[in-house]
Amino acid sequence: MSKVLILAGDAVEALEIYYPYYRLVEEGYDVTIAATKKEKLQTVVHDFTGWDTYEEKQAYFIEPNALISDIKPAEFDALLIPGGRAPEYLRLDEKVQSIVKHFFAENKPIGAICHASQIFEAIPEVIKGRTLTAYTACKPGVELAGGTYVSDTTYHVDGNLVSAHAWPDLPVFMREFLKLLDK
């Protein structure tokens with residue numbers, strides 16, 4: 001059974017963690033949600049209500065089952081990074097950076113949706129020369145890190161990396177991520 005690691009923290013986008021988690025479990029994968037603390041995480045809903053940007057509301061809690069500090073990335077076959085605001089502070093964690101570097105170096109499947117690209121900004125060598133997409137406001141960060149931002153589609157596959165704009169793209173994002181896992 002393949003093992004998938006999901007990196008999460010408070011303010012992770014609810015749909016972007018719950019949908020992939022249950023979809024992967026449904027397919028029979030062993031899924032670990034890792035966070036910087038082993039307490040319930042507060043998820044959030046990002047929705048568009050007429051503001052110039054998204055509005056954030058509290059959503060469900062989710063329980064991680066591992067600490068990021070205890071993760072041995074070699075024990076996992078794939079990595080999934082949901083968006084929300086969690087990547088904004090997770091990117092500062094050196095262990096998160098080393099985990100992400102491992103998956104890129106070993107060419108293991110990586111799924112990154114919405115604001116997940118912010119983690120790559122802290123370790124630009126992983127996306128330098130790569131092509132990906134993310135939430136539109138993340139475009140400058142992707143480009144400053146040396147990546148090429150794709151804006152003409154809501155998802156993109158570049159080798160072992162599947163990326164998508166946001167939660168409305170979860171069906172195609174997960175379809176492409178599962179294709180990588182099945183290889």
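For region 112-158, the set of residues classified as touching a Ser or Thr at 6+ places or on another chain (Cβ under 6 Å) and crowded, with 22+ Cβ neighbours inside 10 Å consists of 112, 132, 133, 134, 138, 142, 156, listed by residue number.
Against the numbered list (1) open to solvent by less than 20 Å² (accessible area, probe 1.4 Å); (2) in contact with an Asp or Glu (Cβ under 8 Å, 6 or more places away or on another chain), residue 163 comes up short only at (2). Looking across region 114-159, the residues that are under 17 Å from residue 101 (Cα atoms) and of a type in the set (A, V, I, L, M) come down to 116, 119, 122, 123, 126, 127, 132, 142, 145.
Criterion first (crowded, with 17+ Cβ neighbours inside 10 Å, over 16 Å from the mean Cα position of the chain (by Cα) and not hydroxyl-bearing (Ser, Thr, Tyr)) does residue 8 satisfy it? Answer is no for this residue. Residues that are among the hydrophobic types (A, V, I, L, M, F, W, C) and either over 18 Å from residue 68 (Cα atoms) or touching a residue at least 40 places away in the same chain (Cβ under 8 Å) (or both) within region 104-129 comprise 104, 105, 110, 112, 113, 114, 116, 119, 126, 127, listed in sequence order.
Condition check ((1) within 15 Å of residue 115 (Cβ to Cβ); (2) within 17 Å of the chain's Cα centre (by Cα); (3) open to solvent by 30 Å² or more (accessible area, probe 1.4 Å)) across all residues:
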residue: 16; (1), (2), (3): yes, yes, no
residue: 28; (1), (2), (3): no, no, yes
residue: 32; (1), (2), (3): no, yes, no
residue: 35; (1), (2), (3): no, yes, no
residue: 40; (1), (2), (3): no, no, yes
residue: 46; (1), (2), (3): yes, yes, no
residue: 50; (1), (2), (3): no, no, yes
residue: 54; (1), (2), (3): yes, no, yes
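Can you confirm whether region 91-111 contains a residue that is crowded, with 19+ Cβ neighbours inside 10 Å, closer than 12 Å to residue 164 by Cα and touching a strand residue (DSSP E or B) at 6+ places or on another chain (Cβ under 7 Å)? Looking for residues that are crowded, with 19+ Cβ neighbours inside 10 Å, closer than 12 Å to residue 164 by Cα and touching a strand residue (DSSP E or B) at 6+ places or on another chain (Cβ under 7 Å), one finds at least one in region 91-111, hence yes. Could you list, in sequence order, the residues of region 75-90 that are surrounded by fewer than 17 Cβ atoms within 10 Å (Cβ to Cβ) and either in contact with a His (Cβ under 8 Å, 6 or more places away or on another chain) or within 21 Å of residue 43 (Cα to Cα) (or both)? The answer is 88, 89. Candidates are the residues of region 159-179 that are more than 21 Å from residue 147 (Cβ to Cβ) and of a type in the set (A, V, I, L, M); the one that is farthest from the chain's Cα centre (by Cα) is 178. Here residue 17 meets each of (1) touching a helix residue (DSSP H, G or I) at 6+ places or on another chain (Cβ under 6 Å); (2) under 19 Å from residue 76 (Cβ atoms); (3) touching a residue at least 40 places away in the same chain (Cβ under 8 Å) with one exception, condition (1).
The values are calculated or read from the model by the stated rules, or taken from the named source; none is laboratory data. As the structure is a prediction and not an experimental result, all values here were calculated from the model. Ideal geometry is used to build each Cβ from the backbone, glycine not excepted, and the neighbour counts take in all protein chains shown. For accessibility, only protein heavy atoms count, side chains too; no ligands or nucleic acids. Shrake-Rupley method; radii C 1.70, N 1.55, O 1.52, S 1.80 Å.
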